[in-house]
Amino acid sequence: MADGDLLGPAAVREIAGRLGVRPAKRLGQNFVIDPGTVRRIVALAGLSADDDVLEVGPGFGSLTLGLLAVARRVIAVEVDPALAAELPRTVAAVAPGLSPRLEVVTADAARVTSLPGGPPTALVANLPYNVAVPVVLHLLAGFGSLAHGLVMVQAEVADRMTAPPGSRVYGVPSVKLAWFAAARRAGPVPRAVFWPVPNVDSGLVAFTRHPPPDAGASREDTFAVIDAAFSQRRKTLRAALARWAGTPAEAERILRAAGVDPGARGESLTVQDYARIAVQARGDDPPEPPAGHKAS
């Protein structure tokens, strides 16, 4: 992947000027203009020639060109109609041999429910800071074929997405992402590689899908418990889940039946714990809780 096959700062600004496009703060548009960063992202994504990559927010095509050079196909979902229309022309001009591998969908990735061609196998994207977590969760829920991925997000968001139970920043994004996948920090991204330069740091999050918790719980029921537990973060689970369960006493009964200490707080529980709570609330018989999670 040579620099001549990628977009540098001058090329990005030339396309933007020709289209009359100014980066929109409301859309979280910060475009990668450094070929070295593109090469690094593509390498860390661990793609193969069999991967059909879903890219969200391709913008001017900096990362798209790098992905096309490695993957079998790239489905680029772009909400900006002007950028979506220009992307195929950019690829045709810079790397014409890769054009057949590209499909562009003009849509909001937070709402897309179907894509052309075969199912995507990997998600690789520079995600808008303000919608990163909802977009990732929506796509993982809607496309079970997404087996792995690498996303670039605000550094704080990366910390929350990958935080373990008990961490100061462990919360709703951490637990919900853990339902779908194992996630880890894959490195920082300096501000200078973007145009315009953002006023926050960025980070890479890599994930690998795994089966959901085997507790017989639905994702919807489990996520409802998670939302309730973290709506009052400093309270014990008995208090935090009182409204969700109906009464504090019923919350305590459900928690004890699930093998969870009612005096614990939401940030100490794993996604498996939340799944067991959801099962008990529904009245099903769950599998035995693991050692170390017995009620006190």
Practice task
Mind telling me which of the residues Val175, Val260 ends up being more than 29 Å from Pro23 (Cα to Cα) and assigned to a helix (DSSP H, G or I)?
Solution key: Val175
Problem - From the options Ala85, Ala71, Ala76, Ala49, residue that is out of contact with any strand residue (DSSP E or B) (no Cβ under 7 Å at 6 or more places or on another chain) and either buried (at least 21 other Cβ atoms within 10 Å of the Cβ) or assigned to a helix (DSSP H, G or I) (or both) - result: Ala85
Problem - Selection within the range 17-32 - crowded, with 22+ Cβ neighbours inside 10 Å and not polar (S, T, N, Q) - result: Phe31, Val32
Exercise for the section: Answer yes if at least one residue in the range 194-207 is more than 23 Å from Ala45 (Cβ to Cβ) and either surrounded by 21 or more Cβ atoms within 10 Å (Cβ to Cβ) or among the aliphatic types (A, V, I, L, M) (or both), and no otherwise. Expected result: yes
Problem - Single residue of the range 52-68 satisfying the filter (within 21 Å of Ala10 (Cα to Cα) and outside any helix (DSSP H, G or I)) that is nearest to the chain's Cα centre (by Cα) - result: Gly57
Practice task
Scan the range 153-169 and give yes if some residue there is farther than 30 Å from Arg233 by Cβ and out of contact with any Gly (no Cβ under 9 Å at 6 or more places or on another chain), otherwise no.
Solution key: no
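Test Val124 against the criterion of being assigned by TED's automatic domain parsing to the domain that holds Gly57 and part of a helix (DSSP H, G or I), and give yes or no. Working first, answer last.
Working: assigned by TED's automatic domain parsing to the domain that holds Gly57: yes; part of a helix (DSSP H, G or I): no.
No, not satisfied.
The values are calculated or read from the model by the stated rules, or taken from the named source; none is laboratory data. Small disclaimer: the values here were computed from a predicted structure and weren't measured. Glycine also receives a Cβ, built like all others from the backbone with ideal geometry; neighbour counts cover every protein chain displayed.
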